[in-house]
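Trainee: Mind looking over this structure? Questions follow.
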Amino acid sequence: MDGRLPKDANAALLSNYEVFQLLTDLKEQRKESGKNKHSSGQQNLNTITYETLKYISKTPCRHQSPEIVREFLTAMKSHKLTKAEKLQLLNHRPVTAVEIQLMVEESEERLTEEQIEALLHTVTSILPPGPEAEQQQSASDDVAMDEEDPA
Amino acid sequence: MFVLVEMVDTVRIPPWQFERKLNDSIAEELNKKLANKSSSTGVPCLRQCPSAFKMGIPALWRGRCESQERLPGELGLGVTWRVHGHTQVVYNVGLCICLFDITKLEDAYVFPGDGASHTKVHFRYVVFHPFLDEILIGKIKGCSPEGVHVSLGFFDDILIPPESLQQPAKFDEAEQVWVWEYETEEGAHDLYMDIGEEVRFRVVDESFVDTSPTGPSSAEATSSSEELPKKAAPYTLMGSISEPGLGLLSWWTSS
C-alpha cells in the first residue's frame with residue numbers, strides 16, 4: 001500500500017451546515033464538561049471554533065437542517081451538477097443568475113436560461129434564506145442607494 | 001470550503017491523565033496539537049508514514065515515506081509532536097479546525113524510561129481548505145499596493161492582487177484604498193473597496209510556506225504567538241474578483 005490521496009477527493013468535502021452542526025455540538029459538550037476549557041492547550045481550539053462558528057452562522061447554513069439538505073440534494077439530481085457545484089449552491093443559496101454562473105462551470109454551455117431559472121427556483125424554494133439576507137432585506141428598505149448598480 | 005482529512009498519529013498520554021477516558025485524553029491532545037494550525041500542501045500519505053509527522057521536515061510530506069524511523073533521543077516508535085509555535089506548519093492540508101472523530105485506536109504501549117502511554121490513533125480532522133475556483137465571501141481587512149486583503153474571521157491570509165481586481169482599478173494613495181473605475185455613459189464612477197465591506201471572490205491559488213524554525217542562525221523570534229510582520233503566513237489564498245458578480249456585494253445587489 002502506498003501513501004496516496006483519498007481516491008475520490010470530493011468524498012472528503014464538508015458542507016458549511018455539517019461544520020456548523022459539529023461546532024455547535026462541540027460548544028455544548030465543552031460547556032457541560034467545563035473544567036478544561038480554559039487551559040492553555042485548549043486556547044487554540046477555543047479561538048478557532050469560536051471564529052469559525054461566528055463566520056458560518058452568518059451564512060445560509062444557519063437555518064438548514066438534515067431534512068432540508070436531503071430534500072435539496074434530491075431535487076438537485078435532475079440538474080446534473082458536480083458535487084462541488086451542488087455544495088456551493090447549498091452553502092451560498094444564490095438568488096441571481098449571475099451567481100449561478102459563477103458557481104457552475106461553463107454554465108453558458110451547460111445550462112439554458114430556463115434551466116438557470118429553474119435552478120434558482122429550486123434553490124430559493126428549498127433552502128431558507130441566511131441571516132445576512134434577512135438583514136439586507138430590512139436594511140435595504142431604508143438605505144438610499146446613491147450608486148448606480150453595475151448592470 | 002471545509003474538508004475531512006484522514007490522519008494517523010501517535011498520541012502520548014502522561015500518567016496523570018490515565019484516570020480519564022482514553023478517547024477524551026486523545027481528543028484533547030489532538031486538538032491541542034492541531035487546532036488553529038495551518039499546513040503546507042501535500043498529501044495525507046501520513047496513513048502509511050507516521051514518521052512524516054516530524055516537525056521541520058516538510059520535504060518528506062510531499063512524497064511517500066516508506067520507512068518509520070525513531071527520532072533521536074525518543075524512545076517511542078511513534079512520532080511525537082513537538083510544538084514550536086502557533087502558526088506552525090503541521091503538514092500539508094490547510095487550516096485545522098477541530099477533531100471530527102477517532103476511527104481506530106491501536107494498542108497503547110508504555111516504553112521503558114517513559115511512564116506515559118503511546119497510542120497510535122487513526123482519526124479524521126475538519127480542515128479549512130477551499131477548492132480551486134471556489135466562491136467565498138469575506139470582509140475587506142485593508143488595502144495595500146500588493147492588493148486587497150480579505151479575511152474570513154477565522155482565516156486572515158487572503159489576498160486579491162491588483163491584476164485580479166475589476167478593471168480598470170487604481171490605488172488611491174491618500175486613502176490607501178483600491179478603487180474600481182467603473183465606466184458608464186456619464187463617465188467613470190469610482191467604486192471604493194473600503195475596510196469592512198463584504199466581498200465575494202473566487203479562490204484562484206494557494207500557497208504553503210514552511211514556517212518551522214530553521215535553526216540557531218535564524219534571526220526570527222520563536223516565542224511570539226502572533227504573526228510577525230516579516231514572517232510569511234504558512235497558508236495563503238489568492239483570490240480574484242475580475243468577473244461579473246464578484247467584488248463588493250453592494251455592487252451587485254439591487255434594492
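Trainee: Mind checking the mean number of beta-carbon atoms from other chains within 10 Å of the Cβ atoms in A:46-54? If you can, show how the numbers build up before the last one.
Mentor: Numbers: counts 3, 4, 13, 7, 2, 8, 11, 3, 3.
Whole-number average of other-chain Cβ neighbours for A:46-54 is 6.
Trainee: Long-range amide H contacts for residue B:134: which residues qualify at under 5 Å (H placed 1.01 Å from N, peptide plane, sequence gap of 5 or more or a different chain)?
Mentor: Distant-sequence amide H within range of residue B:134: B:203.
Trainee: Right, here's the next one. Could you list, in their original order, any pairs among B:104/B:139; A:83/B:32; A:54/B:104; A:54/B:141 whose Cα atoms are separated by more than 28 Å?
Mentor: Numbers: B:104/B:139 39 Å; A:83/B:32 32 Å; A:54/B:104 31 Å; A:54/B:141 17 Å.
Beyond 28 Å: B:104/B:139; A:83/B:32; A:54/B:104.
Just so you know, all these numbers are worked out from the coordinates, no wet-lab data involved. Only a predicted model underlies this, so the values are computations on that prediction, with no experimental measurement involved. Every residue, glycine as well, gets a Cβ built from its backbone with ideal geometry; the counts of neighbours run over all protein chains shown.
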